[in-house]
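The values are calculated or read from the model by the stated rules, or taken from the named source; none is laboratory data. In this text the structure is predicted, and so the values were computed from the model without any measurement. Cβ atoms come from the backbone with ideal geometry, glycine included; neighbour counts cover every protein chain shown. Calculation scope for accessible area: heavy atoms of the full protein, side chains included, ligands and nucleic acids excluded. Shrake-Rupley method; radii C 1.70, N 1.55, O 1.52, S 1.80 Å.
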Amino acid sequence: MIRHLFIGLFFMSLTFGELVFHQKPRPLSRDAVTTEWPRFFGPNDNCTTDEGPLLKEISEGLKPVFELERGPSYASPIIAEGKLLHFHAVKGQETLDCVHPETGERIWRFAYPLEYKDRYGFAAGPRTSPVVHHGRIYLIGVTAQLHCLELQSGKVNWKRDLKVDFKIPKYFFGYGPNPVVHQDRLIVNVGGKEKETSGTCVAAFDLETGKTLWTHEDTWGASYASPVMARIHGRDVAVVLAAGESRPPHGGLLLLDPENGKLHSRFSWRADLYESVLASSPLILANNQIFISDCYEKGGVLLKFDEKIQPEVVWRERWFGMHMMIPLNVNDHLYGFAGRNIPDTELKCTDLKTGKIKWQDDMRWQESGRVTGLFRGSFLKTKERIFTLGEDGSFAELVLDESAPKVLQKTRLFTARETWTPPVIHRGLLYICQNSKGFDGTKRRLICYDMRPH
């Protein structure tokens with residue numbers, strides 16, 4: 001029925017259970033550049049894409065195409081091979097909905113029982129996002145259930161209960177890091193505790209069978225940052241920021257050989273606070289450099305690796321530590337929302353060569369008689385433009401350079417806390433997750449907006 005209405009010229013909102021269809025999007029322009037969004041931080045693992053051109057004017061508001069009710073979740077929508085994957089908790093089940101990315105119409109649903117209650121009262125649903133690779137989905141839930149599914153049908157190819165297999169503890173907020181694919185294997189920051197103080201920190205699983213190919217044992221556990229792949233001095237390297245729940249707290253950066261799990265180097269970087277976590281994923285940079293950060297008391301550090309893949313500190317900056325977002329590299333400057341919580345978070349510019357902070361701005365303004373802003377925002381960089389999603393539902397286009405930030409235009413999508421899931425763009429459509437109930441009573445939802453130009 002939705003597909004029939006989509007083809008016709010029907011622009012009124014229609015409610016079909018979990019789906020509200022508003023209107024069909026504008027046609028995709030002939031000169032459009034499009035890319036898939038197959039994993040959490042996008043095709044380049046850094047919230048950047050070559051998508052464009054996009055709608056020039058956003059300050060008058062964005063028109064929704066459809067919205068889907070969203071159960072408890074912090075997962076990002078994933079779009080690949082003409083399908084959108086929405087991972088959330090629905091009525092006591094961790095649920096993956098596969099829907100059409102332009103209509104929201106459900107294609108298939110996969111679900112399994114979920115028993116999880118967050119000790120700090122945050123959403124009792126998934127923290128990780130699906131990873132799509134060659135027609136397969138690799139999915140890890142908040143209790144570390146790992147499934148491999150067929151993208152076309154949702155059929156289960158294999159599954160592993162990582163919590164049972166590797167004795168993974170609950171950790172502060174459940175299981176959190178996304179996996180990464182390398183060639184024929186899935187590399188996972190497992191964070192197991194088979195022994196009293198250590199266990200399988202990282203493991204690789206065969207993409208076809210789920211069989212364990214190798215493990216790396218360490219006292220460091222699983223962080224909330226996602227492993228990424230890097231090319232260092234012509235060699236493929238698995239880059240894992242690992243840090244579980246421990247007394248005293250410890251964790252940091254592991255560089256591993258993806259073929260066998262052999263440790264190249266280990267760099268300690270974590271605040272000396274029990275309830276500290278590492279949640280900002282490593283940023284891979286040119287010239288064999290990697291940036292990592294901790295928002296609690298360590299800040300950021302730029303590392304340069306030699307031919308033996310051993311780290312050398314280029315600079316440290318105590319006041320350039322990210323909480324959850326990944327910073328943006330523009331013209332040899334890093335831009336990021338540094339700070340732990342809303343009161344102390346600022347957008348800052350740091351010289352990539354020296355680590356010197358060039359400027360900082362709280363990025364706040366008056367709106368309807370109250371102070372609002374971007375707070376712990378997330379970036380989305382397209383081919384020619386930079387957007388940011390504020391953690392209470394504001395959306396803005398920025399110009400970032402070493403002199404000062406400039407807000408070109410902004411709009412409000414909704415007003416709700418915990419808008420921590422980064423924005424996603426695909427074929428000129430913008431996907432935004434409202435992760436908590438809005439101040440105006442709106443429910444949690446995944447909203448698709450039309451960003452195609454007129």
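Could you give the alpha-carbon Rg of region 322-414 over 2.2 N^0.38 Å, rounded to two decimals?
Normalised Rg, Cα atoms only: 1.03.
Which value, in nm² and rounded to one decimal, describes the direction-averaged projected area of the C-alpha convex hull of region 30-120?
Mean projected area for region 30-120: 8.4 nm², to one decimal.
Please list, or write none, the lysines whose alpha carbon is within less than 16 Å of the alpha carbon of residue 304, excluding same-chain residues fewer than 8 places away.
353
Charges only on Cβ, +1 for Lys and Arg, -1 for Asp and Glu: so what's the dipole of the chain about the Cα centre, in debye to the nearest 20?
Here the size comes out at about 620 debye.
Please list 3J(HN,Hα) in residue order for region 209-221, calculated via the Karplus relation 6.51 cos²θ - 1.76 cosθ + 1.60 where θ = phi - 60°; whole Hz, with x for glycine and proline.
Each residue of region 209-221 in turn: 10, x, 5, 6, 8, 7, 9, 10, 8, 7, 6, 6, x Hz.
Which log10 I(q)/I(0) values does region 373-454 give at q = 0.19 Å⁻¹ under the Debye formula, counting every alpha carbon as one identical point scatterer?
Summing over Cα pairs of region 373-454 leads to -0.82.
Taking 35 Å as R0, compute the FRET efficiency from the Cβ-Cβ separation of residue 235 and residue 371 and round it to 0.05.
After rounding to 0.05, the efficiency reads 0.10.
How much of residue 391 can a 1.4 Å solvent probe reach, expressed as accessible area in Å² and rounded to 10?
Counting only protein heavy atoms, the figure is 10 Å².
In whole Å, largest first, what are the principal axis extents of the Cα atoms in the chain?
61, 52, 42
Can you tell me, using C-alpha contacts under 8 Å and at least 6 residues apart, the relative contact order of the chain as a whole percent?
Computed value for the chain: 13 percent relative contact order.
Quantify, in whole percent, the carbon and sulfur part of the accessible surface of the chain (1.4 Å probe; protein heavy atoms only).
About 49 percent, which is the carbon plus sulfur part of the accessible surface.
Hey, how much of the P(r) for region 31-189 falls beyond 22 Å, as a percent of Cα pairs?
Distances greater than 22 Å cover 44 percent of the Cα pairs.
Pairs 163/348; 163/262; 24/406: which are spaced more than 30 Å apart, C-alpha to C-alpha?
Over 30 Å apart, Cα to Cα: 163/348; 24/406.
I'd like the chymotrypsin sites (Phe, Trp or Tyr not before Pro) in region 87-175 restricted to DSSP loop residues with at most 15 other Cβ atoms within 10 Å, sorted by number.
120
With 20 Å as the limit, write out which pairs from 381/437; 117/437; 356/383; 91/443 have Cα-Cα distances beyond it, or answer none.
Check vs 20 Å cut-off fails for 381/437; 356/383.
Pairs 83/159; 83/167; 193/298; 56/358: which exceed 32 Å Cα-Cα?
Violating the 32 Å limit, Cα to Cα: 83/167.
Taking region 183-229, which GluC sites (Glu not before Pro) meet the DSSP loop condition and have no more than 16 other C-beta atoms within 10 Å?
Passing both the DSSP loop test and the Cβ count: 194, 196, 208.
Send over the semi-axes of region 118-191's equivalent ellipsoid, whole angstrom and largest first, taken as the square roots of 5 times the C-alpha gyration tensor eigenvalues.
They are 22, 13, 11 Å, listed largest first.
In the P(r) worked out for region 284-356, what percent of Cα pairs fall beyond 14 Å?
Roughly 56 percent, once rounded to a whole number.
Calculate, for region 246-344, the solvent-accessible area per residue in square angstrom, rolling a 1.4 angstrom probe over the heavy atoms of the protein chains.
41
I'd like the per residue volume of the convex hull spanned by the Cα atoms of region 199-327, given in cubic angstrom.
Output value, Cα hull per residue: 104 Å³.
Tell me, how many Å apart are the Cα centres for region 356-384 and for region 151-201?
Taking the Cα centre of region 151-201 as reference, the centre of region 356-384 is 35 Å away.
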